[in-house]
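The numbers here are math on the coordinates, done by the rules we state, and not lab data. Worth saying up front: this structure is predicted, and the values here are computed from it rather than measured. Using ideal geometry, Cβ is built from the backbone for each residue, glycine included, and neighbour counts are taken over all protein chains shown.
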Amino acid sequence: MSTSTRSRSEIGRANNRKGKNYERHAARYLRGHGWPDAERKPDPGWRSADRVSPDLGDIRGTDRLVWQVKARADLSSLDITRILAETTQQAIAAGADYGILIQRRAGKADPGRWWAWLPVGDLAALVAAGQHDWPAVLDTRLHVPARVELADLVPLLHAAGYGTPPEVAA
């Protein structure tokens, strides 16, 4: 019986592969649900002594929306708050209207069943469809995290004028 121990770098590479795979799954879901140009975009941003290229999210091709995908199903409330703040900064840097954090759920292979996190002010603006010109992304009083399933968020985004509903695209 062989007991091999994986090194930290092997574990890191495996986690990196998983993360990229989940980003692809989320992009594929979005392509099938109104954003035909959605794709995983591996551009984490960078900073040097005199220049900065901001991270603009994990998925591109979804006009005016920034998406951050996390493969960990066990994120704490503190993790969610921190990552959602990063996602909001990515949305601001990209000139997007909304920044959305997608979190994989344990036992849920369908990305439509994964969690979609966004500030409650942004969710309120989407629920009030047609209020997408309200700059909720800049109002720090409204940065309380809200969680919905991605499949429930997509129709709200369509109603507010984002993406193309599948029945219209057909």
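General observations
- Cβ crowding within 10 Å, taken as a proxy for footprinting-reagent exposure, orders Trp115, Trp67, Trp35 from fewest neighbours to most as Trp115, Trp35, Trp67.
- Zero-based 5 Å bins, Cα pair distances in the chain, whole percents: 1, 9, 16, 21, 21, 15, 8, 4, 3, 1, 1, 0, 0
- Under the Debye formula (equal points on every Cα, no solvent term), log10 I(q)/I(0) of the range 1-43 at q = 0.16 Å⁻¹: -0.54
- Extension gain, Ser76 to Thr164: 0.36 nm times the residue separation minus the Cα-Cα distance gives 28.4 nm.
- Least to most buried among His25, His33 (fewest other Cβ within 10 Å first): His25, His33
- Ala14-Asp37 pseudo-label distance in nm [points 7 Å out on the Cα-to-Cβ vector]: 3.8 nm
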